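To start, the structure under review is shown below, and the notes come after it.
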Amino acid sequence: LFSRSLDTDSASPTDRLRLGMAKLEMDDSSGMEDLMGVLKEHPDNREARVLLILNLVKQKEYDEANKQAKAWVSSQPDSIDAMNMLGVVMAASGKTDQAKAQFNKVLSKEPENQNANHQLVRLFVGESKLDEANKHMLVLLKNAPLNRTLLLQWYRLSQARDDVAPVIAHLESQMAAQESASMAKLYLAELYEAEGELDKALATLGTFDKKD
């Protein structure tokens, strides 16, 4: 009612991509045809490639997802996005060892790649290889030391490893940085509370001053 009609034959790639996304969000599988249409005319369209492969994975069409991901890698062998998406397909289809090898290929080219490191954390946790997962978590935190989601994941991982001391030390070191002190103090207080150390939580909160 509120949208203008769209002639897909004359639509721009951006408009057709948006249409496909809207359809898929409403569980209309014809959105896949729009993505394929964009790629037919613009095979280098990264967003369409990613959306197509992710939706194939969501629909558990792993063979087609693998086909699309491999075609992308073949056409753009130096594309980190293509390499990562192939790893995502492998992981989703249960090919864990192949997925890990694929993500490590990404890291051989780009050691701090967020996607590959995040996927390896997830895969190693799934195998209960917590020390290996921790190594990749530390890489993620290097570039986002106070990302709340990452810190919570690291805390849960550290609990499973029965060693939360590195998380505390990390937050204490961040407190020393003027620009991140207040956030680090807040997260450290929350961690102490979660650990049942209320005195330490209150003491940490008590270090706030007017500048914080």
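Given the options ALA99, ALA65, ALA92, ALA69, name the one that is in contact with a Phe, Trp or Tyr (Cβ under 8 Å, 6 or more places away or on another chain), within 25 Å of LEU123 (Cα to Cα) and either acidic (Asp, Glu) or surrounded by 14 or more Cβ atoms within 10 Å (Cβ to Cβ) (or both).
So the residue among ALA99, ALA65, ALA92, ALA69 that is in contact with a Phe, Trp or Tyr (Cβ under 8 Å, 6 or more places away or on another chain), within 25 Å of LEU123 (Cα to Cα) and either acidic (Asp, Glu) or surrounded by 14 or more Cβ atoms within 10 Å (Cβ to Cβ) (or both) is ALA92.
Keeping to region 172-201, report how many residues are under 21 Å from LEU130 (Cα atoms) and within 25 Å of the chain's Cα centre (by Cα).
The qualifying residues number 1.
With the condition kept exactly as written, say whether any residue in region 184-199 is modelled with pLDDT of 95 or more, under 22 Å from HIS118 (Cβ atoms) and acidic (Asp, Glu).
Taking every residue of region 184-199 in turn, none turns out to be modelled with pLDDT of 95 or more, under 22 Å from HIS118 (Cβ atoms) and acidic (Asp, Glu).
I'd like the residue in region 34-48 that is among the charged types (D, E, K, R) and within 24 Å of the chain's Cα centre (by Cα) and, out of all such residues, is surrounded by the fewest Cβ atoms within 10 Å (Cβ to Cβ).
Taking the candidates together, the pick is ASP44.
Answer yes or no: is there a residue in region 12-33 that is of a type in the set (Val, Ile, Thr), at pLDDT 85 or above and either within 26 Å of ASN117 (Cβ to Cβ) or open to solvent by 40 Å² or more (accessible area, probe 1.4 Å) (or both).
Within region 12-33 (the criterion being of a type in the set (Val, Ile, Thr), at pLDDT 85 or above and either within 26 Å of ASN117 (Cβ to Cβ) or open to solvent by 40 Å² or more (accessible area, probe 1.4 Å) (or both)), the answer is no, since none of the residues qualifies.
How many residues are closer than 19 Å to GLU195 by Cα and either touching a residue at least 60 places away in the same chain (Cβ under 8 Å) or open to solvent by 40 Å² or more (accessible area, probe 1.4 Å) (or both) when one looks only at region 139-162?
9
How many residues are assigned to a helix (DSSP H, G or I) and in contact with a helix residue (DSSP H, G or I) (Cβ under 6 Å, 6 or more places away or on another chain) when one looks only at region 106-122?
Total satisfying the criteria: 8.
State yes or no: is LYS135 surrounded by 18 or more Cβ atoms within 10 Å (Cβ to Cβ) and charged (D, E, K, R)?
Against the criterion (surrounded by 18 or more Cβ atoms within 10 Å (Cβ to Cβ) and charged (D, E, K, R)), LYS135 does not qualify.
List every residue pair whose Cβ atoms sit under 8 Å apart, with the two residues 6 or more apart in sequence or on different chains, where the first one lies in region 40-61 and is more than 18 Å from ALA91 (Cβ to Cβ) and the second, anywhere, is outside any helix (DSSP H, G or I).
ASP44/GLN76; ALA48/HIS42
Could you count how many residues in region 72-89 are over 22 Å from VAL121 (Cβ atoms) and assigned to a helix (DSSP H, G or I)?
Selection size over region 72-89: 4.
Restricting attention to region 97-107, does a residue exist that is more than 18 Å from VAL139 (Cβ to Cβ) and touching a residue at least 24 places away in the same chain (Cβ under 8 Å)?
No, region 97-107 contains no residue that is more than 18 Å from VAL139 (Cβ to Cβ) and touching a residue at least 24 places away in the same chain (Cβ under 8 Å).
Tell me the residue from LEU205, LEU120, LEU171 that is within 30 Å of LEU86 (Cα to Cα) and free of Cβ contacts under 8 Å to residues at least 60 places away in the same chain, please.
One residue alone meets the criteria, LEU120.
Run ASN104 past the list (1) open to solvent by 40 Å² or more (accessible area, probe 1.4 Å); (2) within 13 Å of the chain's Cα centre (by Cα) and report the number of the one that doesn't hold.
Condition not satisfied by ASN104: (2).
Tell me which residues, restricted to region 167-197, are assigned to a helix (DSSP H, G or I) and surrounded by fewer than 16 Cβ atoms within 10 Å (Cβ to Cβ).
Correct list: ALA169, GLU172, SER173, GLN178, GLU179, SER182, GLU193, ALA194.
The values are calculated or read from the model by the stated rules, or taken from the named source; none is laboratory data. Keep in mind the model is a prediction, meaning the values are calculated, not measured. Here the Cβ is made from the backbone with ideal geometry for all residues, glycine too, and neighbour counts use every protein chain on show. Ligands, DNA and RNA are excluded from the accessible area calculation, which covers all protein heavy atoms including side chains. Shrake-Rupley method; radii C 1.70, N 1.55, O 1.52, S 1.80 Å.
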